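Participant: First, the structure itself, so that you have it in front of you.
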Amino acid sequence: MTNDLLARRHATLGPHSPLFYRAPLEMVRGEGVWLTDAQGRRYLDAYNNVPHVGHSHPRVVAAVAEQMATLNIHTRYLNERVVRYAEKLLALFDPGLDRLFLTNSGSEANELAIRIARQHTGHRGVIVSDFSYHGNTITLAEVTTGLDAAEALAPHARAIRIPDLDATDAPDEQTLLRSALAELDAAIASLDEAGFGVAVLLIDTLFTTEGVVRPPRDFVRLAAERVRRAGGLVIADEVQPGFGRIGTYWWGYQQWGFTPDFVTMGKSMGNGHPVAGVVTTQALLEEFGSHNMFFNTFAGNPVSAAAAEAVLDVIHDEGLRERAAENGAFIRERLEAITASYEALGPVRGAGLFFGFEIFADAARSTPDPATTKDLVEDMRERGVLLSRIGRHDSVFKIRPPLALERAHAERLLATIEESIAVRFGS
Ligand SMILES: Cc1ncc(COP(=O)(O)O)c(C=O)c1O
């Protein structure tokens, strides 16, 4: 059945859209942190960040069903639920970040933030981190370096390397910081010289696609200061780190001690329902809104608001952000013990309930080992646990479960990682 479905998918959707695993899985049901395939096998989901509060959470399902059965319409009528959601969401931000544009995807959110920034600054340049991904529109494809995109890096784009304290050859923190800021200064100067100027710095605040990179503490704050001095604005892409994923804070940017001009979000916002958005300042919204008739047919419809509101309510009522911090610390400690036992495993990366560690081919940790990383991901699947890999060399083991993960699930996840690694590397 699954093979037949694969052939039909290829015959209709084509063979290029990515599927996980050498033998792709056909999922038929999700509940909490569990996914069930067409053969009835259950898998512990330690990968998916879209079902943030758990697959098919009953409160999200009920809110969407009830709203769908009552009213769903485009955004040109007043609707209490949409405004109430905006109020609840904006209450989670630092003062000044108090206006919301709703969109349908993270790509659309980043596209809109860049458009607003360009109109405000009169500049065109975009600075991104090297090996990043922020979406699939033309503007974003032209700044994408972390996934295959046929578009070349645009003349108005510069990709800077995020300094990584966990890299095997990392110098001391101050040296690393100085050289990274010098690279940023050079990017700003080159955009100025080319006549583009800097419109935005666009960063994922957990540097996830990059391989969950750990920059020096002050890097993000100082980079934002430099970009602003050059007349640019800053977009914090919270599509992956946001909504409590990092545990200690609601938003990834907060861990770096700065406030961005835009926060873009998506994925987990509707627990699988396509809802996304841009949070910004009143001044930027006013300026953009008064010069553009910005209309979005679907974004901000009552059903999307119902999904997104239920997600926020569940995070609050079930203490999921706090749980991400507690379970995150628990998992991290155990992962650190596991990785410390094997010379080929790099340090544990990440924050809250998002972890990575790099797998190398040598004890000196100089040669990343994507093939072994892939084998381990496949082996974990055989053992009933879903996770993945990421980073510049696809050699960082990536663990990112729904926030609904409980301690017993964490124990199972860790025991399975321990077994899989022991078999591969010898215990
Ligand atoms: C950091 C980041 N930003 C933006 C996006 C784009 O979001 P979407 O796929 O909803 O357009 C993604 C998607 O993977 C992402 O990981």
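Participant: Where Lys and Arg each count +1 and Asp and Glu each count -1, what net charge lies around GLY350 among other residues with Cβ under 14 Å from its Cβ?
Facilitator: Values: positive: ARG214, ARG245, ARG332, ARG334, ARG349, ARG389, LYS398, ARG400; negative: ASP164, ASP166, ASP204, GLU210, GLU333, GLU336, GLU358.
Summing Lys and Arg as +1 and Asp and Glu as -1 gives +1.
Participant: Hey, another quick one. For every helix of n ≥ 4 consecutive DSSP H residues, a contribution of -39,500 (n - 2.57) applies; sum these over the chain, divide by its total residues, and give [θ] at 222 nm rounded to the nearest 500 deg cm²/dmol. Don't jump to the answer; show the numbers that get you there.
Facilitator: Numbers: 12 runs with 167 residues, N = 427.
About -12500 deg cm²/dmol.
Participant: Loop only by DSSP, 15 or fewer other Cβ within 10 Å of the Cβ. Give me the trypsin sites (Lys or Arg not before Pro) in the stretch 188-235 that pass, ordered by residue number. Intermediate values should be presented prior to the final figure.
Facilitator: On the way: sites: ARG217, ARG221, ARG226, ARG228, ARG229; in loops: ARG217.
Counting only loop positions with at most 15 other Cβ atoms within 10 Å, the trypsin sites (Lys or Arg not before Pro) in the stretch 188-235 are ARG217.
Participant: Say the dipole of the chain comes from +1 at the beta carbon of Lys and Arg and -1 at that of Asp and Glu; which of PRO401, GLY346, ALA157 then lies farthest toward its positive end?
Facilitator: PRO401
Participant: Summing Lys, Arg as +1 and Asp, Glu as -1, what charge do residues with Cβ under 13 Å from the Cβ of GLU336 carry, GLU336 excluded?
Facilitator: Details: positive: ARG332, ARG334, ARG349; negative: ASP166, GLU333, GLU418.
Result for the neighbourhood of GLU336: 0.
Participant: Using 0.36 nm per residue, how much length does the chain from MET27 to ARG9 gain when fully extended, once their Cα-Cα distance is taken away?
Facilitator: Difference between extended and current length: 5.0 nm.
Participant: Ok, one more. Going 7 Å from the Cα of ARG84 toward and past its Cβ, which residues in the stretch 303-321 have a backbone nitrogen under 19 Å from where you end up?
Facilitator: 303-318
Participant: Which of the lysines could a cross-linker bridge to LYS374, judged by Cα under 21 Å and excluding same-chain residues fewer than eight apart?
Facilitator: Once the sequence-local lysines are set aside, what remains near LYS374 is LYS398.
Participant: Taking the stretch 75-146, which chymotrypsin sites (Phe, Trp or Tyr not before Pro) meet the DSSP loop condition and have no more than 14 other C-beta atoms within 10 Å?
Facilitator: Working: sites: TYR77, TYR85, PHE93, PHE101, PHE131, TYR133; in loops: TYR77, PHE93, PHE131, TYR133.
Passing sites in the stretch 75-146 are TYR77.
Participant: Turning to a different aspect of this structure: Would you mind calculating the gained length between LEU71 and ASP362 on full extension (0.36 nm times residue separation, minus the Cα-Cα distance), in nm to one decimal? Intermediate values should be presented prior to the final figure.
Facilitator: Values: separation 291, 0.36 × 291 = 104.76 nm, distance 5.93 nm.
Here the segment from LEU71 to ASP362 would lengthen by 98.8 nm.
Participant: Also, I was wondering about something else. If you stretched the chain out fully between ALA283 and ASP94, how much longer would it get, using 0.36 nm times the residue separation minus the C-alpha to C-alpha distance?
Facilitator: Numbers: separation 189, 0.36 × 189 = 68.04 nm, distance 1.52 nm.
Full extension of this stretch gives 66.5 nm more.
Participant: Take the eigenvalues of the Cα gyration tensor for the chain, scale each by 5, and report the square roots as semi-axes in whole Å, largest first. Walk me through the numbers before you get to the answer.
Facilitator: Numbers: eigenvalues 212, 172, 82 Å².
Sorted largest first and rounded, they come to 33, 29, 20 Å.
Participant: Mind sorting LEU202, LEU97 by how few other Cβ atoms lie within 10 Å of their own Cβ, fewest first?
Facilitator: Working: LEU202 27, LEU97 21.
By the 10 Å Cβ count, ascending: LEU97, LEU202.
Participant: What is the calculated FRET efficiency for GLU378 to GLU322, with r their C-beta to C-beta distance and R₀ = 41 Å, to the nearest 0.05?
Facilitator: FRET efficiency, GLU378 to GLU322: 0.75.
Participant: Right, something else. Using DSSP to call loops (not H, G, I, E or B), can you name the GluC sites (Glu not before Pro) in the stretch 332-427 whose Cβ has at most 16 other Cβ atoms within 10 angstrom?
Facilitator: Values: sites: GLU333, GLU336, GLU343, GLU358, GLU378, GLU382, GLU406, GLU411, GLU418, GLU419; in loops: GLU343, GLU406.
Of the GluC sites (Glu not before Pro), the ones in loops of the stretch 332-427 whose Cβ has at most 16 other Cβ atoms within 10 Å are GLU343, GLU406.
Read-outs: derived from the displayed coordinates by stated rules, not from any lab. Being a predicted model, the structure only gives us computed values, none of them experimental. Cβ coordinates were reconstructed from backbone atoms using ideal geometry, including for glycine residues, and neighbour counts include every protein chain displayed.
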